[in-house]
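I have placed the structure first, in the form of structure tokens, so that the comments after it can refer back to it.
The values are calculated or read from the model by the stated rules, or taken from the named source; none is laboratory data. Bear in mind that the values here come from a model prediction, so they are computed numbers and not experimental data. Glycine gets a Cβ as well: all are built from the backbone with ideal geometry, and neighbour counts include every protein chain shown.
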Amino acid sequence: MMGRTHEFIGSASWLGAMAAIPALGHQWYVAVGGALLAYVAALGPDIDHPQATATKILGPITKGINKLLLAVGVKHRGFTHSFFATALVALAMFSCVFFLKLVPWVAAAVVIGWLSHSLIDAIGKRKVQFMWPARGGLCLNLVSADSGIENYAIFPLAILANCFLFWMVVF
């Protein structure tokens, strides 16, 4: 999937979680703030790819993280796309909630955005190594990145899902 599709699916995932989990509340600022956080966090797993937006987004910081990942042998759609990496992101975010008094919904939005990336990549034509470090992975082989299906079906549906879910949560 292309970055823009990941972004909109990430934000739709956050809004869907808000709709499904009443404890997250229905305040407009939580919907908007969480959607923006999930939108950006949904790019995160691709920090293992040198050309990805996630690698370029914070200049030398994210480029350095990418170089470190590549130096230790991390392959694209491996460690950073795994449930283990998602658990590490969750641990880091909820540590910030505990130690830095970060608002819990902020942490939840980041984790949901990160996880949405790996899940949607699994419908593509390349394996996602969810159970890293175990070999193998899941590939449903349904969509190529930047294909007609992504550009004219999945991406527009993700935008529509954001509109519908935002309306559902806030109104």
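A compact table of results
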{"read-out": "Residue count for segment 61-76, restricted to those that are modelled with pLDDT of 95 or more, among the charged types (D, E, K, R) and under 20 Å from ASP121 (Cβ atoms)", "value": "0"}
{"read-out": "Residue that is surrounded by the fewest Cβ atoms within 10 Å (Cβ to Cβ) [pool: residues in segment 11-30 that are in a helix (DSSP H, G or I) and small (Gly, Ala, Ser)]", "value": "ALA23"}
{"read-out": "Which numbered condition ALA85 misses (of (1) within 21 Å of GLU7 (Cβ to Cβ); (2) without any contact (Cβ under 8 Å) to a residue 40 or more places away in the chain; (3) in a helix (DSSP H, G or I))", "value": "(2)"}
{"read-out": "Of the criteria (1) under 21 Å from LEU15 (Cβ atoms); (2) modelled with pLDDT under 95, which one SER144 fails", "value": "(1)"}
{"read-out": "Among (1) closer than 24 Å to GLY16 by Cα; (2) under 18 Å from the mean Cα position of the chain (by Cα); (3) not in a loop (DSSP other than H, G, I, E, B) - the single one VAL97 does not satisfy", "value": "(2)"}
{"read-out": "Test result for GLY113, more than 25 Å from ALA153 (Cα to Cα), in contact with a helix residue (DSSP H, G or I) (Cβ under 8 Å, 6 or more places away or on another chain) and touching a residue at least 24 places away in the same chain (Cβ under 8 Å)", "value": "no"}
{"read-out": "Matching residues, segment 112-129, being assigned to a loop (DSSP other than H, G, I, E, B), within 24 Å of LEU15 (Cβ to Cβ) and in contact with a Phe, Trp or Tyr (Cβ under 9 Å, 6 or more places away or on another chain)", "value": "ALA122"}
